[in-house]
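Everything on this sheet refers to the single structure shown next.
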Amino acid sequence: MTTTPLTHPTPLSRPTPTPPTAPDADLLRQLTDLEETRSRQLQAFPEADLDAVRSARRARAQRDLRDVRTALVRLAEGRYGICTGCDQPISAERLEARCWTTTCVDCAGRAAR
């Protein structure tokens, strides 16, 4: 009678975590293009001698430029698409509509009130 040596079961192998993927090149290009566009818009509206409409357009371009730059930083840090208000994912639909947004619809609504 031959004896078979006891073997220990091998532990289940865990999949090797994949490193984070590089930022989406299309998104990066879109944000960079927006940053350039908003910068040019600001240059077109000098701060002096603006009527109410031009002043409002300049303020909007400033806000958008700030938000685009924030989105670029968040993309580089791997936090793009996460709401700054509630730390939940921002819906794909919202990001498609406003790729520079940093808040989900609910948090944006609360901030507007």
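The values are calculated or read from the model by the stated rules, or taken from the named source; none is laboratory data. Everything numeric in this text was worked out from a predicted model, so none of it was measured. Don't worry about glycine lacking a Cβ; one is built from the backbone with ideal geometry, like all the others, and counts go over all protein chains shown.
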Check: Given the structure, is Ser39 small (Gly, Ala, Ser), under 15 Å from Trp100 (Cβ atoms) and either surrounded by 10 or more Cβ atoms within 10 Å (Cβ to Cβ) or at pLDDT 80 or above (or both)?
Finding: yes
Checklist line | Per-region count, the range 45-67, residues among the aliphatic types (A, V, I, L, M) and in contact with a Ser or Thr (Cβ under 7 Å, 6 or more places away or on another chain) | finding: 1
Note to self: Among the residues of the range 44-57, what is the count of those that are within 25 Å of Thr32 (Cβ to Cβ) and either in contact with a strand residue (DSSP E or B) (Cβ under 8 Å, 6 or more places away or on another chain) or modelled with pLDDT of 85 or more (or both)?
What the structure shows: 1
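Could you go through the range 42-55 and let me know if any residue there is part of a helix (DSSP H, G or I), of a type outside the set (Lys, Arg) and surrounded by 12 or more Cβ atoms within 10 Å (Cβ to Cβ).
Restricting attention to the range 42-55, the residues satisfying the condition of being part of a helix (DSSP H, G or I) are 42-44, 52-55.
With of a type outside the set (Lys, Arg) added as a condition, the list becomes 42-44, 52-53, 55.
Still in the running and surrounded by 12 or more Cβ atoms within 10 Å (Cβ to Cβ): 42, 55.
Within the range 42-55 (the criterion being part of a helix (DSSP H, G or I), of a type outside the set (Lys, Arg) and surrounded by 12 or more Cβ atoms within 10 Å (Cβ to Cβ)), the answer is yes, since at least one residue qualifies.
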Margin query: Quick check on the range 76-91: of everything there that is part of a loop (DSSP other than H, G, I, E, B) and hydrophobic (A, V, I, L, M, F, W, C), which residue is farthest from Leu34 (Cα to Cα)?
Written below: Cys86
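Determine which member of the set Arg69, Arg63, Arg110, Arg94 is assigned to a helix (DSSP H, G or I) and modelled with pLDDT under 90. Working first, answer last.
Values: Arg69 fails: modelled with pLDDT under 90; Arg63 fails: modelled with pLDDT under 90; Arg94 fails: modelled with pLDDT under 90.
Arg110 is the lone residue from the list that is assigned to a helix (DSSP H, G or I) and modelled with pLDDT under 90.
Tell me, which residue of the range 87-102 that is among the aliphatic types (A, V, I, L, M) and touching a Gly at 6+ places or on another chain (Cβ under 8 Å) is farthest from Asp67 (Cα to Cα)? Steps first, please.
First, pick out the residues of the range 87-102 that are among the aliphatic types (A, V, I, L, M): 90, 92, 95, 97.
Filter once more, keeping what is touching a Gly at 6+ places or on another chain (Cβ under 8 Å): 90, 95.
Details: Ile90: 15, Leu95: 13 Å.
Here the answer is Ile90.
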Margin query: Can you list residue pairs whose Cβ atoms sit under 9 Å apart, with the first residue in the range 58-75 being under 11 Å from Arg38 (Cα atoms) and the second being acidic (Asp, Glu) and assigned to a helix (DSSP H, G or I)? Count only pairs 6 or more apart in sequence or on different chains.
Written below: Leu65/Glu35; Val68/Glu35; Arg69/Glu35
Notebook entry, point to check: Here is a list of conditions, (1) touching a Cys at 6+ places or on another chain (Cβ under 9 Å); (2) at pLDDT below 70, and Leu31 meets all of them except one; can you say which number that is?
Noted result: (2)
